[in-house]
Structure formats: structure tokens, C-alpha cells
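Following: one structure in C-alpha cells, then a few remarks.
The values are calculated or read from the model by the stated rules, or taken from the named source; none is laboratory data. Since this is a predicted model, take the numbers as computed values, not measurements. Here Cβ is always computed from backbone atoms with ideal geometry, including for glycine, and neighbour counts include all displayed protein chains.
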Amino acid sequence: MTPTRTRAACGVAALASAGLLASACSASSQQASPGDPPASAVTIEISDAGCGPNPATVPTGPVTFAVTNAASAKVTEAEVQGGGKILGEKENITAGLDGTFSLRMEPGTYSVYCPGAAKDTWTFTVDGAAAGASSAPAAAGNTSLTAATQGYHDYVVTEVAQLQTATKTFTDAVRAGNIDAAKNAFAPARVHYESIEPVAESFGDLDPAIDARIDDVTDPTRWTGFHRIEKALWADGTLNGMAPIADELDADVATLKTKVATNTYQPAELANGASDLLTEVSTSKVTGEEDRYSHTDLWDFAANIDGARKAFELLQPALAATDPDLAQQLEARFTDVAQGLAEYRTADGGYQDYGAVTDTDKRSLADSVNALAEPLSQVAGKVV
Amino acid sequence: MELSRRRLLQGIAGAGAVGALAGCAPSAAAAADVVEFHGPHQAGIATPVQDRLAFTAFDVTTTRREDLVALLKTWTAAAEAMTRGVPVPGPAPSDALPPADTGEADGLAPGRLTITIGFGPGLFTAADGTDRFGLAARRPAAFAPLPALPGELLDPARSGGDVAVQACSDDPTVAFHAVRNLTRLGRGTVVARWAELGFGKTSSTGNSGGTPRNLLGFKDGTRNIEGADDAALGQHVWVADGDGAGWLGGGSYLVARRIRMFVEPWDRDRLSDQQAVFGRFKTSGAPLTGTDEFDTPDFGAVGPDGPVIAEDAHVRLAAPENNGGLRILRRGYSYTDGIDARTGTLDAGLFFLAYVRDPDQFVTLQRKLGSSDALNEYIRHVGSGLYACPPGTTGPDDWWGRALFT
């Protein structure tokens, strides 16, 4: 993950909900603009039984959710979800507490989710005409875009399944205390995460749990995930105390697998996710700060590019119809980046230690990524 | 290195006109906030010097001539728009797209923004002799990389470049915005190689306010070529059609030199020595043989200790009358890039920009200054670039370098 994670997650979440303007990141402070209809008030009383919204249907526009908890010790949060992602939530509402959050909502069916309750998922509906064409669900009737979003769903599901297997190889070695085996399994596991990272980032706390770097956490004693174990392997030289971290990593990846199984995507989300992946490359991979102990940055670099390329390839038929020049330019620049990376491949299919790459060569890689990122940023506008 | 006291140049500077400022009334363009983009010569050369500079040199990364041509067309349109104070052209604004213009100059007056382009020798012929874009035959005979010159210790990371852009404005954000947006538009075709921001002008080409001071506290180059002095421009600055450069007729050569000034030792030097180094009075800017900034130096004047203006004084070595009438148009700016981490001293100096009809004008002056100038104890040339700046564009259908590429 990178410090830009929150922003990236916001963008994805907002787009995923097909025009819902607020997202988890701004939900609590979302303000209605002048001219908006008055906010609808919805009460969510969380209890051991569930979290039914009242009313369960509201008109399009701003909605203020008031979350109350009279007596439940088991259920302490409520989330509004759309497109499989958290759009707004209130956490840590223990018995006797309450809280509010607001969203500006477009028509559609959402769910209210309260983990731990007997019935943890409740339907919530927003009626009425969409506020603007841009917020209409994209790609209706456009078969190539429908195929793209379905294809991306399948790709993410496949990648996460591979992530789970490869992570297990890694965590088994960690639990066995086998430093060499764990080192060898580290980068091959991560690539399946890095290829779909913007999707993972849209699931709230999951990305920090899996992929936080030490500078992303406020309390280093609660630091979990790949990079915690990376430090143990390469910097500390001991796996003492890492078994619980390995267990938690497996559990978090399993959660990710569950979430992506039902997740759906908008075409613009593919394009923006691809741009986010290039941002990952240019801000944290090129600098070598992502894998600062293992210097396996080039593996992540390549995986980010692979994930972006996959999204682009899925969108390419639609893009070629609306802007063939852009499609062609992107194809060429993806090839440039791939050729640049290929120079660092090793015989066993991996990548060279990033610490051995010269500054000049890093610059050359960065230039090719930046050359790709600029036209890629134009794609989202062409496929909605 | 041991700098034998007195070598090098700093202001090829002093190469000013023989006469004092002639016809120094501000031109119409200077009074307005918008400088006309199109014209026989590129704006930003004879244009009265603006307060701020943003300079960027680029390496061309594409191998395709058509990519380069497409970029030059895009750049020309963007530059023309920014000069007028309107945003970079692009797709209609959309929530789904990044804005075409980066936006930091929205709402700012253009501040007489000019954007001037030049082509480096490497665009014509690569260092290994490759004719990169089929331009080798069009490279003017006078246009070769600058030779090694005395007084320089060049950093390759701050030198050269296939293309250079000089953006000048009275507003620093406007100048920065111009090169930033051109850099963005160029991604995939060019990459920025090095850049410099100039925070204060050190030259005048036609303002009546006198010569601005450099970071050593002196007025240098007081006899600069006037932007309205067509005769001097034609003789010393504009490449003539008959110069054998073909496409470059009406253009000019830009010499850029990043001249580091060692300001800490300078500030410890006694006033009389500072004045002897320049050959000028610090306060008035007048030559040591005069009383006014624009007085003509009297190089023959002697006192009890020898020449009043010392043999190695900067103004003597740079003066046109001591260089066969050689003159250059200076457009330099003071720069700083913070603190030199190795020494804890200010990384600051003069970002020297000069426009000449033939690069040899600069080479001749710098050979002399670099080997004998008293100022060399306090300065060093650490970055360098030479660029051929095509003539101006004739109108909306024209583009930078059209005559070179077609």
C-alpha cells in the first residue's frame, strides 16, 4: 500500500456505486449543496438481531443515517454498502452510543451491513431519477463494456485465488520457522496482490492489514501483513513471533477472497484502477520504498503493470471504437514498459534485486511508466 | 580545485553596447500584460525581460519523427494559449478525466508570459553520429556542441538537452505552469532532463529602470542590447537568411550557463576588491572611470597604481571594444537551489542566458573571460546548454520548427 491508498479507495468506491458522490472516506463530513433536496433521515438501530434501516426506501439525494445501539454487545457497527464496497459506516457504536454519517445517494439498491448480527445484511433502496447522465450505470447495453467488467471480475477472482495459495506457501514457511523458504515465497505471493491492489484497497481496513508498510501504521506493535514479515526475514533475521502474523495474513486474504467473489465493477473503475496501479509504481516502486528490506520491488512493479495491462486489454475493444489512436498509443507504451522490465528478469522467472539497479536505469523505467500513465489517465473518460 | 585568482567570465555580460541606453521607452507590448506569440522572431528574446524564469531542457525519447512533429504542434498551440492567459487546450472538462490544464495559473494574469523554444545539437546528430530524425543535413555549420571552455566544471545532469524551453513571466507561478504543462504534454515523446527557476532578472533589454543587480550585488552587462534596437539585433542576435542556416533565418542561438556563485567568500571580500574585480562601483554601477551606470568605461585611464580598470577586471575583458565589437543579448536570472549539502553553502548564482547570431560569439568571450577574469575566484560554470531557436510562428497554422521539419 501507499500513502495514497485512502484517496484511491475513495475514487474506486465512489465510481463503483455508479455515481454515488460520497464514499466511505468522506461520508461523515459529506455536506449537502445548496439546492439539494432536504436530507432524508434514516435510523439504523443495531441489535443482536440485525440493523434494519428505517425507512428502508428514500428518494434520491442526501441521506443522513443515525446509528443507535440500545443494548447490543455483539454488534457495534453499521455499514452502507453498494457494489460490494463500504460507502459509509459508523464503527465502535457500543451499547448506549450513537452516531451519524451522511451520503449523497443516487438511485439503486444498497445494503446495510452489521457484522455479528443474526441477520447481518439488510436491503436499502434509493428511488428516483438519476441526477445526471454521468451517474447513470455505465455501459448499459454496451456488450463490450459488459464483457470487460465481467472479465475483470473473473481476473480478480483468479488472482486472489492464486494469492491465497501462494500466501499459504509463504505463511507455512513462516510458521515452520524456515527463513530461506519464506524469503523465496515472499515475492511470488505478493505479485497476486499487487496486480489487483486497487480492488483490495476499496475494502476498507483490509489493505492496511495485508500490505501496510511500517510508516503507514501509527502503532508499530499492531503492524501486520506482508511487510511486517518481510522486516522479520530480511532486517531482523528471525521469525520469532511471526506465526500469529502469518495466521492473520491468511485470514485477511481469505476475507479478500470472499469479498471479490461478489464484487462488481464499472468500466471507469477498471480504467481508474489501472491509473492507480501506475501511481503505485511511480510513487512507491520506483523509489524502492515498497519492499525496502527484500528489494523485491521489481516483482511488485511488474505485477502492478500486469494488473493495469489486464484492465486496459479488457477495455481495449470499447476504447478502440471510441478512440483508436489512444488505444494504439497505450498498446505501444505498455509494450515499452514491458520491454524495459524484461531486461531485469532472471533465469528462474523472477526479477533482479532492485538494490542493484542503477539510478540511471531506475530513471529510465520511471520515464516509461510516466509516458504510459499520461494517456492512461484519459481512458476513464472514454468508456463511461 | 585551486582557483587561481582571476579567471573566467560571469557576465559575458558586460558585452554591452557602446552607447548608453538608446530609446528606452517601454514598447507597447511591455505595457500590456499579453505579449504577442506570433511574429517574425520568437517572443522572449528581444521582449523586455520579465521578472521570473522557468527553464526546462528535454531529452527526446521517441525515435519517430512524426511523434516529434506532433508534439511540436501540440506545444505550439498550448504555448500560444498560455501566452494569452487561457488554459491549455484539451478535451471538454469532465468529471471522469483529469483536467487538460493543471490549473495553478487559473485566475492569474499572464504577466507578459513568453515561451521560447530551442533545439539542441543532439537533435540533429546523436553523440555517436546517428542521424536521429533525418535532420543531420539541416544542422547549421555553426551549430556544434560548445567546446570545453576554461572556468567550467560541468555537471552532465544540468547540461545539454535536445530541446529547451524558456518561459518568462512577471509571475513565477505562470512561468512554472508553462513548463510544467509542456512537460506533461510531452510525456512519452520527451522527458525533462534538467530545469532551473530564476527568481530575479539580472538583465534589462529595454526597461528604463536601470540594470538589475546580480547576487554579488553588482550591476553587470549594463550595455546590453536593446530590444528595440533593430540594427544591433540584426547584427548580433538574429540569424540572417544569408548565414547559411536556411530554416534558422530569423531565429537565434541560445546559450544557457548555470553559473554558481560562491557568495560566502565574496561577501567577506573588501569593497575595494569587489569593485576592482568588476571594474565598477558597487553602489552606482558606474565604471570605475565614471559616475553613472551607463557611462562608457575608459579603459585607457591610469592612476598611480596602474590602470583604473584593472587588466583582469570583468568589465574590461567583456567589453565589446576589447573584443572586436562582439556583443550578445543577455537575459539571465538569479537562481538558488537551496543549500549545497556537501558544503553547507548557498547553491546560488546566475542562470546566464544569452542570445547570439553565432555561438562563436559566446565561445570567444568565454575563452577570454574563463582564463583571465578576476571574477573567476568567485564563480564557476557548472551547467551548460546550446540551442538553436527557430524563427517565430506566422499564425495559427504555423508551429515551432515547421521550416526545419518540412
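Take the conditions hydroxyl-bearing (Ser, Thr, Tyr) and part of a helix (DSSP H, G or I) and apply them to A:Ser364. Does it pass?
Values: hydroxyl-bearing (Ser, Thr, Tyr): yes; part of a helix (DSSP H, G or I): yes.
Yes, satisfied.
Quick check on my filter: what residues within region A:293-335 are small (Gly, Ala, Ser), out of contact with any Leu (no Cβ under 6 Å at 6 or more places or on another chain) and surrounded by 20 or more Cβ atoms within 10 Å (Cβ to Cβ)? Reasoning before the result, please.
Initial filter on region A:293-335 (small (Gly, Ala, Ser)): A:294, A:302-303, A:307-308, A:311, A:318, A:320-321, A:327, A:332.
Then drop every residue that is not out of contact with any Leu (no Cβ under 6 Å at 6 or more places or on another chain), which leaves A:294, A:303, A:320-321, A:332.
Those that are small (Gly, Ala, Ser), out of contact with any Leu (no Cβ under 6 Å at 6 or more places or on another chain) and surrounded by 20 or more Cβ atoms within 10 Å (Cβ to Cβ): A:Ser294, A:Ala303.
Can you tell me which condition B:Pro147 does not meet? The list is (1) buried (at least 18 other Cβ atoms within 10 Å of the Cβ); (2) not in a helix (DSSP H, G or I), and all the others hold.
(1)
Being away from chain A (no Cβ under 14 Å) and either under 24 Å from B:Val255 (Cα atoms) or among the basic types (Lys, Arg) (or both) narrows it down to one of B:Leu135, B:Leu108, so name that one. I'd like the intermediate steps shown before the answer.
Working: B:Leu108 fails: either under 24 Å from B:Val255 (Cα atoms) or among the basic types (Lys, Arg) (or both).
Just one listed residue meets the conditions, B:Leu135.
Which numbered condition in (1) farther than 22 Å from B:Arg84 by Cα; (2) assigned to a helix (DSSP H, G or I); (3) more than 14 Å from every other protein chain (Cβ to nearest Cβ) is the only one that B:Ala195 fails?
If we test B:Ala195 against (1) farther than 22 Å from B:Arg84 by Cα; (2) assigned to a helix (DSSP H, G or I); (3) more than 14 Å from every other protein chain (Cβ to nearest Cβ), just (2) comes out false.
Within region B:42-87, take every residue that is in contact with a helix residue (DSSP H, G or I) (Cβ under 9 Å, 6 or more places away or on another chain), of a type in the set (Val, Ile, Thr) and over 29 Å from B:Thr205 (Cα atoms) and give me the one that is farthest from the other protein chains (Cβ to nearest Cβ).
B:Val69
Assigned to a helix (DSSP H, G or I) and either within 17 Å of the chain's Cα centre (by Cα) or within 14 Å of chain A (Cβ to nearest Cβ) (or both): is that true of B:Val165 in this structure? I'd like the intermediate steps shown before the answer.
Working: assigned to a helix (DSSP H, G or I): no; either within 17 Å of the chain's Cα centre (by Cα) or within 14 Å of chain A (Cβ to nearest Cβ) (or both): yes.
Judged against the criteria, B:Val165 is not a match.
Among the residues of region A:335-345, is any within 22 Å of A:Ala268 (Cβ to Cβ) and within 10 Å of chain B (Cβ to nearest Cβ)?
no
Within region B:175-192, track down each residue that is surrounded by fewer than 19 Cβ atoms within 10 Å (Cβ to Cβ) and away from every other protein chain (no Cβ under 14 Å).
Those that are surrounded by fewer than 19 Cβ atoms within 10 Å (Cβ to Cβ) and away from every other protein chain (no Cβ under 14 Å): none in region B:175-192.
Please state which of the following conditions A:Ala274 fails to meet, knowing it meets all the rest: (1) within 16 Å of A:Val157 (Cα to Cα); (2) within 14 Å of another protein chain (Cβ to nearest Cβ).
Here A:Ala274 meets the rest and fails (1).
Could you check how many residues of region A:211-256 are touching a Gly at 6+ places or on another chain (Cβ under 6 Å) and not in a helix (DSSP H, G or I)?
Residues that pass the stated criteria total 2.
Among B:Thr406, B:Thr394, B:Thr364, which is the only one that is at pLDDT 95 or above, over 22 Å from B:Thr202 (Cβ atoms) and among the polar types (S, T, N, Q)? Write out each step before concluding.
Details: B:Thr406 fails: at pLDDT 95 or above; B:Thr364 fails: over 22 Å from B:Thr202 (Cβ atoms).
Going through B:Thr406, B:Thr394, B:Thr364 in turn, just one is at pLDDT 95 or above, over 22 Å from B:Thr202 (Cβ atoms) and among the polar types (S, T, N, Q): B:Thr394.
In the list B:Arg380, B:Arg367, B:Arg357, which residue meets the criterion of being closer than 20 Å to B:Phe124 by Cα and not hydroxyl-bearing (Ser, Thr, Tyr)?
Numbers: B:Arg380 fails: closer than 20 Å to B:Phe124 by Cα; B:Arg367 fails: closer than 20 Å to B:Phe124 by Cα.
Step by step, each of B:Arg380, B:Arg367, B:Arg357 is checked, and only B:Arg357 is closer than 20 Å to B:Phe124 by Cα and not hydroxyl-bearing (Ser, Thr, Tyr).
Which members of region B:325-344 meet the condition of being more than 18 Å from the chain's Cα centre (by Cα) and either part of a loop (DSSP other than H, G, I, E, B) or at positive phi (or both)?
Within region B:325-344, B:Gly325, B:Gly338, B:Asp340, B:Ala341, B:Arg342, B:Thr343, B:Gly344 qualify.
Output the residues belonging to region B:271-293 that are assigned to a helix (DSSP H, G or I) and touching a Phe, Trp or Tyr at 6+ places or on another chain (Cβ under 9 Å).
Here is the first cut: in region B:271-293, the residues assigned to a helix (DSSP H, G or I) are B:271-278.
Hits for region B:271-293 are B:Gln274, B:Gln275, B:Val277, B:Phe278.
On the basis of being of a type in the set (Phe, Trp, Tyr), modelled with pLDDT under 95 and either buried (at least 21 other Cβ atoms within 10 Å of the Cβ) or closer than 23 Å to B:Cys168 by Cα (or both), does B:Tyr378 make the cut? Lay out the reasoning, then the answer.
Numbers: of a type in the set (Phe, Trp, Tyr): yes; modelled with pLDDT under 95: yes; either buried (at least 21 other Cβ atoms within 10 Å of the Cβ) or closer than 23 Å to B:Cys168 by Cα (or both): yes.
The answer is yes for B:Tyr378.
What number of residues within region B:371-399 are more than 18 Å from the chain's Cα centre (by Cα) and farther than 22 Å from B:Thr114 by Cα?
Pass one, region B:371-399, residues more than 18 Å from the chain's Cα centre (by Cα): B:371-378, B:393-399.
Next, from what is left, pick out any that are farther than 22 Å from B:Thr114 by Cα: B:371-378.
Qualifying residue count, region B:371-399: 8.
Given the conditions (1) at pLDDT below 95; (2) among the basic types (Lys, Arg); (3) in contact with a strand residue (DSSP E or B) (Cβ under 8 Å, 6 or more places away or on another chain), which single one is not true for B:Arg342?
(3)
Of everything in region B:88-105, what is among the hydrophobic types (A, V, I, L, M, F, W, C) and either within 14 Å of chain A (Cβ to nearest Cβ) or surrounded by fewer than 22 Cβ atoms within 10 Å (Cβ to Cβ) (or both)? Give them in sequence order.
First, the residues of region B:88-105 that are among the hydrophobic types (A, V, I, L, M, F, W, C): B:88, B:92, B:96-97, B:100, B:105.
Once the filter is applied, which keeps residues that are among the hydrophobic types (A, V, I, L, M, F, W, C) and either within 14 Å of chain A (Cβ to nearest Cβ) or surrounded by fewer than 22 Cβ atoms within 10 Å (Cβ to Cβ) (or both), region B:88-105 yields B:Val88, B:Ala92, B:Ala96, B:Leu97, B:Ala100.
Does A:Ala308 satisfy being assigned to a helix (DSSP H, G or I), away from every other protein chain (no Cβ under 14 Å) and under 14 Å from the mean Cα position of the chain (by Cα)? Give the derivation first.
Numbers: assigned to a helix (DSSP H, G or I): yes; away from every other protein chain (no Cβ under 14 Å): yes; under 14 Å from the mean Cα position of the chain (by Cα): yes.
When the stated conditions are applied, A:Ala308 passes them.
Which members of region B:327-347 meet the condition of being among the aliphatic types (A, V, I, L, M) and either crowded, with 19+ Cβ neighbours inside 10 Å or free of Cβ contacts under 8 Å to residues at least 40 places away in the same chain (or both)?
Pass one, region B:327-347, residues among the aliphatic types (A, V, I, L, M): B:328-329, B:339, B:341, B:346.
Matches in region B:327-347: B:Ile328, B:Leu329, B:Ile339, B:Ala341.
Which pairs have Cβ atoms under 6 Å, sit 6 or more apart or on different chains, and link a residue in region A:252-265 that is in contact (Cβ under 8 Å) with a residue 12 or more places away in the chain to one that is outside any helix (DSSP H, G or I)?
So the pair list comes out as A:Lys259/A:Phe203; A:Thr262/A:Gly84; A:Asn263/A:Gly84; A:Thr264/A:Gly83.
Pairs under 7 Å by beta carbon, first residue within 30 Å of B:Ala232 (Cβ to Cβ) in region B:249-266, partner in a helix (DSSP H, G or I), six or more apart or different chains?
Listed pairs, sorted by first residue: B:Gly249/B:Asp241; B:Tyr253/B:Pro359; B:Val255/B:Pro359; B:Val255/B:Phe362; B:Arg258/B:Arg158; B:Met261/B:Tyr378.
Considering only residues that are assigned to a helix (DSSP H, G or I) and within 30 Å of A:Gln378 (Cβ to Cβ), which ones fall in region A:257-267? Quick ask: steps written out before the conclusion?
To start, the set of residues in region A:257-267 that are assigned to a helix (DSSP H, G or I) comprises A:257-262, A:267.
Within region A:257-267, A:Lys259, A:Val260, A:Pro267 qualify.
B:Ala126 is checked against (1) away from every other protein chain (no Cβ under 14 Å); (2) assigned to a helix (DSSP H, G or I) and fails just one. What number does that condition carry?
(2)
Output yes when any residue across region A:321-334 is more than 27 Å from the chain's Cα centre (by Cα) and more than 14 Å from every other protein chain (Cβ to nearest Cβ), and no when none is.
Checked against the condition, which is being more than 27 Å from the chain's Cα centre (by Cα) and more than 14 Å from every other protein chain (Cβ to nearest Cβ), region A:321-334 yields at least one hit.
Testing A:Phe203 on (1) farther than 30 Å from A:Gly82 by Cβ; (2) assigned to a loop (DSSP other than H, G, I, E, B); (3) not charged (D, E, K, R), one condition comes back false. Which one is that?
(1)
So which pairs qualify, if the first residue must be in region A:356-384 and more than 10 Å from chain B (Cβ to nearest Cβ), the second must be among the aromatic types (Phe, Trp, Tyr), the Cβ gap must be under 7 Å, and the two must be at least 6 apart or on different chains?
A:Val357/A:Tyr344
Out of contact with any Leu (no Cβ under 8 Å at 6 or more places or on another chain) and surrounded by fewer than 23 Cβ atoms within 10 Å (Cβ to Cβ): does that describe B:Thr364? Explain how you work it out, then say what you get.
Values: out of contact with any Leu (no Cβ under 8 Å at 6 or more places or on another chain): no; surrounded by fewer than 23 Cβ atoms within 10 Å (Cβ to Cβ): yes.
It is false that B:Thr364 is out of contact with any Leu (no Cβ under 8 Å at 6 or more places or on another chain) and surrounded by fewer than 23 Cβ atoms within 10 Å (Cβ to Cβ).
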